[in-house]
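Enquirer: There's a structure below that I have some questions on.
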Amino acid sequence: MGNIAVPLALVLLGASFARLNMPRPLSRLPIMAMFLTTITKMLILPVVGVFLVQAMTNAGLIDRGAKAERFVAMFLSGTPTAVK
C-alpha cells in the first residue's frame with residue numbers, strides 16, 4: 001500500500017487539474033494571489049525556517065555540535081512541499 005501512495009497521489013492531482021475550468025479571458029486569474037503565494041513559499045518560509053532552527057539551537061533543543069541535523073532542518077525548510 002505504501003509503494004502506490006505517491007503514484008496514486010500524482011494521478012489524482014492530474015485528474016483534478018484536468019477538471020479545472022480555465023477562466024476566459026486569462027486576465028480574470030488571481031495573478032496577485034498566485035504571485036504572493038509563490039513568493040511566500042520560495043522566499044519567506046525558508047528564511048523563517050532558518051531563523052527557527054537557529055532559535056531552536058539557541059534554546060538548546062538542537063545541539064550546537066549537531067551540524068548535520070541543523071543542516072537537514074534548514075534544508076528541509078526550503079524544499080517544496082509533498083503532494084498529498
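Enquirer: So for the stretch 62-77 (the condition being in a loop (DSSP other than H, G, I, E, B), open to solvent by less than 60 Å² (accessible area, probe 1.4 Å) and either at positive phi or of a type in the set (A, V, I, L, M, F, W, C) (or both)), does at least one residue qualify?
Expert: Yes: one or more hits.
Enquirer: Among the residues of the stretch 5-39, what is the count of those that are within 30 Å of residue 67 (Cα to Cα) and either open to solvent by 100 Å² or more (accessible area, probe 1.4 Å) or modelled with pLDDT of 90 or more (or both)?
Expert: Going residue by residue through the stretch 5-39, those that are within 30 Å of residue 67 (Cα to Cα) are 38-39.
If we keep only those that are either open to solvent by 100 Å² or more (accessible area, probe 1.4 Å) or modelled with pLDDT of 90 or more (or both) as well, we get 39.
Qualifying residue count for the region: 1.
Enquirer: Name the pairs whose Cβ atoms lie under 8 Å apart, with the first residue in the stretch 31-59 and of a type in the set (Gly, Ala, Ser), the second assigned to a helix (DSSP H, G or I), and 6 or more positions between them or separate chains?
Expert: 49/73; 49/74; 49/76; 49/77
The values are calculated or read from the model by the stated rules, or taken from the named source; none is laboratory data. The shown structure was predicted, so the numbers you read here are calculated from the model rather than taken from an experiment. Backbone-built Cβ (ideal geometry, glycine too); neighbour counts: all protein chains shown. Areas reflect the complete protein model, heavy atoms only, side chains present, ligands, DNA and RNA absent. Shrake-Rupley method; radii C 1.70, N 1.55, O 1.52, S 1.80 Å.
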